[in-house]
Structures are given as structure tokens and as C-alpha cells.
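See below for the structure under consideration.
The values are calculated or read from the model by the stated rules, or taken from the named source; none is laboratory data. Predicted model, so just to flag it, every value in this text is computed and none were measured. Here the Cβ positions follow ideal geometry from the backbone for every residue, glycine too, while neighbour counts run over all protein chains shown. Protein only, heavy atoms only, side chains kept; ligands, DNA and RNA dropped before computing areas. Shrake-Rupley method; radii C 1.70, N 1.55, O 1.52, S 1.80 Å.
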Amino acid sequence: MRGRFITFEGGEGTGKSTQAAMLALRLESFGLGVLLTREPGGSPGAEIIRHVLLSGAAKPFGPEAEAMLFAAARNDHVRCTIEPALASGKWVICDRFVDSTRVYQGTLGAVDARFIKALERVSLGGLNPELTFVLDLPAEIGLERAASRRSGSNPDRFEGEQIGFHERLREAYLALAASEPGRCVILDARASKETVARRVWDTVQARLKPAMAPVTFENLAS
Ligand code: TYD
């Protein structure tokens, strides 16, 4: 049976990586096969492109060129990592995916929506997440959290943008999530990580109904 595909999205410092890892552990604890991955990156080719993008080396070429590089990385990631895992029945949990390009390069970078769509057609090959968690936090708090996590090292290409950029980013994520309520769930990331994790778990159970009852004598007998 084909696996399921869940993504985490949101601005800087919203706790996506923590929540993705907590969900992966929880699914594993029920004996399910899980692949935890992230973007940009997640395959050897895409990790190389990640360095180009996050160092800011591609910034002078403009947001269209950056969108193409994110799409190239995504294509490699989908073909080499995500699709094989789904085909083998694994649950794939991805920290950022296609919505990041829609929001960062599309809305914030003002890249034409038709251009973004065309890149998606080429890079995704029809793949779409079934469920996307959008972690929502005031930009100021997110940036503080991201800075304390970095502990002194320089912000990357996107973290280094002005506060106004991050506020607009938050609005763009909320608008995107509202436009696709069947797939996207907005979670208040000001809550404790345990509370957010519980909401994630409740949603996964309600929407994707994983067959994960712990093995008991009664289950085996029925
Ligand atoms: P990363 O170090 O993974 O940070 P985070 O913890 O915020 O996810 O950096 C990824 C950065 O790249 C992040 O600032 C968002 C940006 N990005 C895009 O602009 N477009 C994309 O398609 C993706 C996947 C990421």
C-alpha cells in the first residue's frame, strides 16, 4: 500500500522541524515506516542546491532564478527520496515543501503565479501533500526564537530579511491555508510544543485515520 505524505510549513522559528520530528517518532512508535525529510534538500543533489540558495549566492539573480533552483532541488528530492519512500509504503513527513515556494518566491518575491505553477508541473510530477500543517506565530516571536537557536551565527538568506518581510510572509501563509482548507490546518505555534504536538496528532488521526492500533491479544485475535 502506498504511504501518506504530510508537510509542515510556516515562517522562521515556528517550530516546524521540532513538530515534524515529534510526529515521525509518534508514527514510528506504532510500528509504521516513516521517512523524515526537509527542504530545500533531502537528497544528495538537492543538498548541494540548498547551499547555493541559503548562502545567498543565488540572490543577485532574482526571485525567478531562486524559484527555479528551489524547483530543481524539489524535483531531485521527489524523484530520489519521496516517491521511492511512498512507493514502499512509508509515511513521509517533510519540513517545508511546495507551499514555501508559493509564499516566499511567489507572494513575497512577486514571481508570477503562472510561472510558479509551471515549475510545480515540472518538479512535482503530480505529487501533492495530503495534509499540511501551517504553524502560525507573530513574526517578531519567530525571529527571536530563530536567533536564539542560531546562537550567534549569521542569519541565512531569508532569515536576514527585514521584519516587514516576515510579517507579510505570515499573512501569505494564512491566506494560502484559508484557500485550501481541505489540505491545510493552521496551528497556533505560541502554544507549548507538547500542546502543538497533541493537535498535530489529533488531526492526523482524524483526517488520515492511520491503521496503528497497538498490537494486543484482542487485536491479533480479531
Ligand atoms: P532552513 O534552514 O531549512 O530554515 P527553516 O528552519 O526556516 O525551515 O531554511 C530554509 C529557508 O529557505 C527558509 O528561509 C525558507 C526558504 N525557502 C524558500 O524560500 N523557498 C522554498 O521553496 C523553500 C523550500 C524554502
Name the residue from P84, S55, G45 whose Cα lies farthest towards the positive end of the charge dipole of the chain, charges +1 on Cβ of Lys and Arg and -1 on Cβ of Asp and Glu.
P84
Leaving out ligands and nucleic acids, note down the accessible area per residue over the chain with a 1.4 angstrom probe, in whole Å².
49
Could you give the angle, 0 to 90 degrees to the nearest 10, between helix 16-29's Cα long axis and the longest principal axis of the Cα atoms of the chain?
20
Determine one quarter of the surface area of the Cα convex hull of region 1-124, which equals its mean projected area, and express it in nm² to one decimal.
7.6
Show me, for region 121-138, the HN-Hα J-couplings you get by feeding each phi into the Karplus relation (A = 6.51, B = -1.76, C = 1.60, θ = phi - 60°), rounded to Hz, glycine and proline as x.
4, 6, 7, 9, x, x, 6, 9, x, 7, 9, 10, 9, 9, 8, 10, 8, x
Most fluctuating of A206, A178, A110 in the GNM of the chain (C-alpha, under 10 Å) is A206
Kindly express, to the nearest 10 degrees and within the range 0 to 90, the angle between helix 163-179's C-alpha long axis and the longest C-alpha principal axis of the chain.
40
For the chain, find the longest principal axis of its Cα atoms and tell me its angle to the long axis of helix 63-77, 0 to 90°, nearest 10.
30
Give me the base-10 log of I(q)/I(0) for the chain at each q in 0.16 Å⁻¹, Debye formula, one uniform scatterer per Cα, rounded to two decimals.
-1.15
Rounded to the nearest 0.05, what FRET efficiency do F30 and R79 have when you use their Cβ-Cβ distance and R0 = 25 Å?
0.30
Keeping the other protein chains in place, figure out the carbon and sulfur percent of the accessible area of the chain, with a 1.4 Å probe.
57
For W91, the residues 5 or more places away or on another chain with a placed amide H closer than 5 Å to its own amide H are R4, G33, V34, L35
For R145 and M1, what does the FRET efficiency come to when R0 = 35 Å and r is the distance between their Cβ atoms, rounded to the nearest 0.05?
0.40
